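Data block below; observations after.
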Amino acid sequence: MAPISNRYTRLAGIEHPIVQEGLGPFKTPKLAAAVSNAGGLGTVSMPGFPRDLAEGSRTFREHIEECAALTDKPFAVNIPVGVDGDGNVLAFTDAYINTALEARAGDSEIAKRLTVLTTSAGFPGKYVGPIKDAGMVHQHKVGSTAQAVKAQEAGVDAVIAAGFEMGGHAPSKGVHTYVLVPSVAAAVDVPVVLSGGAKDGRTLAAALCMGAEAVAMGTRFIASEENSDWHPSYAQALLSAQEGDDVAFTGVYGPCRGLRNRASLRLVEDHDDATDPAELLRWKIESMQRAQTEGDVEDGLVLAGQVAGAIGEVIKVAEFVPHMAEEAAQVLDRLAPRS
């Protein structure tokens, strides 16, 4: 019997209300499978913005197939809805969402496992119908109560309330989870997932007390044995981080949070408008990937949340996920009134 069961665990078909966040722009199929095998919901990330979108789609499909071969449990994919200056959806969003839907349609075994699609960044309106028609659970990441209401009205099945302390691309509204999650939970009827600041059973319990029904974590899962595709220097940089070692800077879709180093400070301090926007965008993405693949944690962007300063050990996902859920249940039990 799972220690915590609720609407979200039933919706996602998982044992524990613990989600691994999207962690692009590099590969995460091994980590995603490990989280799903442990009873949570693993997430396969999109593989950045290659110059050849067809090549990127093939890589994404390979990652989906790899994860499906490593688990027989549900897993998700995470695809940002990017838009240009005129509000038009960027081509990569269409390409990657279609890749995920085609993978399900073309392989019954993948369809049994790839059951959740997470969208983020821009409004997912035009994709809600196709995702639902494909029989997938659609969850959308939001950074404000108004965005959560809009997403629910569009027909999403769950919302991820992302606080400004989260790592990677953070919401432009800049609202932290302690304020955001209770407001979102009170405003929508669909299950709410907290993203930003969660790391253990106590923080899962706190999220449940605020009205969320699950937590999504990125930084905590990066520093895990199962995240073997990433360079070990990345996890070590997170373990060495202290409170205040993170910084917010301008990312690909808006604000982004990572560790303070030469790469991130360049974006914080550089006000040279002469840089070609397209080249700067590609530099950011390649810099993120270089940190993950080569371990360049000084001149590469090390995406991480503020919670990095509270993490001090590498975990084994298979042990960590059920223990986190059990710890949360014990905390809530201690807080329950006694007759």
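Just so you know, all these numbers are worked out from the coordinates, no wet-lab data involved. Since we're looking at a predicted model, the values are computed, not measured. For neighbour counting, all protein chains shown are included, and Cβ atoms are generated from backbone atoms with ideal geometry for every residue, glycine included.
Odds and ends about this structure:
- Relative to the current alpha-carbon distance between E326 and A186, full extension at 0.36 nm per residue lengthens the span by 47.8 nm.
- Each Cα pair of segment 95-150 feeds into the Kirkwood radius, which the Stokes-Einstein equation turns, at 37 °C and 0.692 mPa s, into a diffusion coefficient of 274 µm²/s.
- Neighbour-limited loop hits for GluC sites (Glu not before Pro), segment 209-257 (at most 16 other Cβ within 10 Å; DSSP other than H, G, I, E, B): E225, E243
- Judged by the ratio a/c of the largest to the smallest principal axis of the C-alpha gyration tensor, segment 14-120 counts as prolate, that ratio being 1.5 or greater while a/b is larger than b/c.
- DSSP H segments from the chain that extend 30 Å or more along their own axis, Cα-based, with Kyte-Doolittle mean of 0.5 or above: none
- Segment 252-339: trypsin sites (Lys or Arg not before Pro) in DSSP coil with no more than 10 other Cβ atoms inside 10 Å: R338
- Cβ charges +1 (Lys, Arg) and -1 (Asp, Glu), total dipole of the chain, debye: 920 debye
- Between the beta carbons of D229 and R334, assuming R0 = 51 Å, the FRET efficiency works out to 0.85 to the nearest 0.05.
- For the chain, the orientation-averaged shadow of the C-alpha convex hull comes to 16.4 nm² (one quarter of the hull surface).
- Percent of C-alpha pairs per 10 Å bin, segment 193-326, short to long: 12, 39, 31, 14, 3, 0
- Violating pairs (Cα-Cα greater than 27 angstrom) within the set K30/K126; K126/K199; K30/K199; K150/K316; K173/K284; K173/K316: K30/K126; K126/K199; K150/K316; K173/K316
- Between S172 and A318, the C-beta separation translates, for a Förster distance of 51 Å, into a calculated FRET efficiency of about 0.90.
- Cβ-placed point charges (K, R +1; D, E -1), dipole of segment 1-78 about Cα centre in debye, nearest 20: 160 debye
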